[in-house]
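What follows is a single structure, and I will ask about it in a moment.
The values are calculated or read from the model by the stated rules, or taken from the named source; none is laboratory data. Remember, it's a predicted structure, so these values are computed and weren't measured experimentally. The area values use the complete protein model at the heavy-atom level, side chains included, leaving out ligands, DNA and RNA. Shrake-Rupley method; radii C 1.70, N 1.55, O 1.52, S 1.80 Å.
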Amino acid sequence: MERRGEVNGSQRVACRCDCGTVREYSLSNLVSGATVRCSDRSQHAHPLTKGNAITYSGAHNRTKAKRGSASSYRCWKCGGQASDWAYSHTDPDEKRMDDGREAGMPYTTDPMRNLPMCRACHHLFDSITAPHMVASGVATASPALALAWAYCADRPGMKNDSA
C-alpha cells in the first residue's frame, strides 16, 4: 500500500493481506518470502495446527484446546484426579517424531483418542498395558475391546491376561 520509512536499517511498508488485515512489514521479508501473510491466527491458522502434520506437543495442545485440561476430569483408569492426557494407542494412523525431545514417542492427532489419567496410571498404561495392546494387534483392530481390556487389567479380582 505504501512505504513507511526505515526502522533499524529495514525498509518498512504497509500492506493489506488478502484477508483484509492491514499491517506494517519489513520489505526484505516480503521480497524474500519470509512473510507471506499477516499473522492474524483468526484468519490464517498456523499450518502445523491443522490436519495431521503436527508435532507431539502440538497434538497435546490440540487435545487441551478441544477437551480442556485433563485435571478437569477423573482418571479413566482409577477414578482419581486426572493430571495428563494419555494416548490410548488406538489410532491406526499413529504418529511418531523422528527427532527432538519426543523422538520415537507415539501420539495421535485425534483429541478423542486421548484419555484423562493420573500420573501413576499414565505411567503404568504407557509402560505395561499399551505395549501388550499394540503387540497383540488389538489396539487398532478393535479399539473398543482394547480399551475395555486395558480398563480391567490390573484391577483387583481381574486376571492380568493379554488381550
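Whenever you get a sec, line up GLU102, GLU24 from highest to lowest accessible area (probe 1.4 Å, protein heavy atoms).
GLU24, GLU102
Enumerate the calculated ³J(HN,Hα) couplings along segment 126-132 in order (Karplus 6.51 cos²θ - 1.76 cosθ + 1.60, θ = phi - 60°), each rounded to whole Hz, writing x wherever the residue is Gly or Pro.
With coefficients 6.51, -1.76 and 1.60, one gets 5, 8, 10, 5, 4, x, 5 Hz.
Just to check I understand the Karplus step: with θ = phi - 60° and J = 6.51 cos²θ - 1.76 cosθ + 1.60, what whole-Hz values come out for segment 65-79, glycine and proline as x?
5, 7, 10, x, 6, 4, 5, 7, 10, 8, 4, 4, 8, 9, x
Hey, can you grab everything whose amide H is under 5 Å from the amide H of GLN81? Only 5+ residues off in sequence or another chain; H modelled, so Pro and N-termini drop out.
CYS75
Residue by residue through segment 19-26, what is 3J(HN,Hα) from phi via Karplus (6.51 cos²θ - 1.76 cosθ + 1.60, θ = phi - 60°)? Round to whole Hz and write x for glycine and proline.
Working through the residues one at a time gives 8, x, 6, 10, 9, 9, 9, 6 Hz.
Right, next: What are the residues whose amide H is under 5 Å from the amide H of ARG4, where those residues sit 5 or more places off or on another chain and H is modelled from the backbone?
For ARG4, whose amide H was placed from the backbone, the distant partners under 5 Å are ARG12, VAL13, ALA14.
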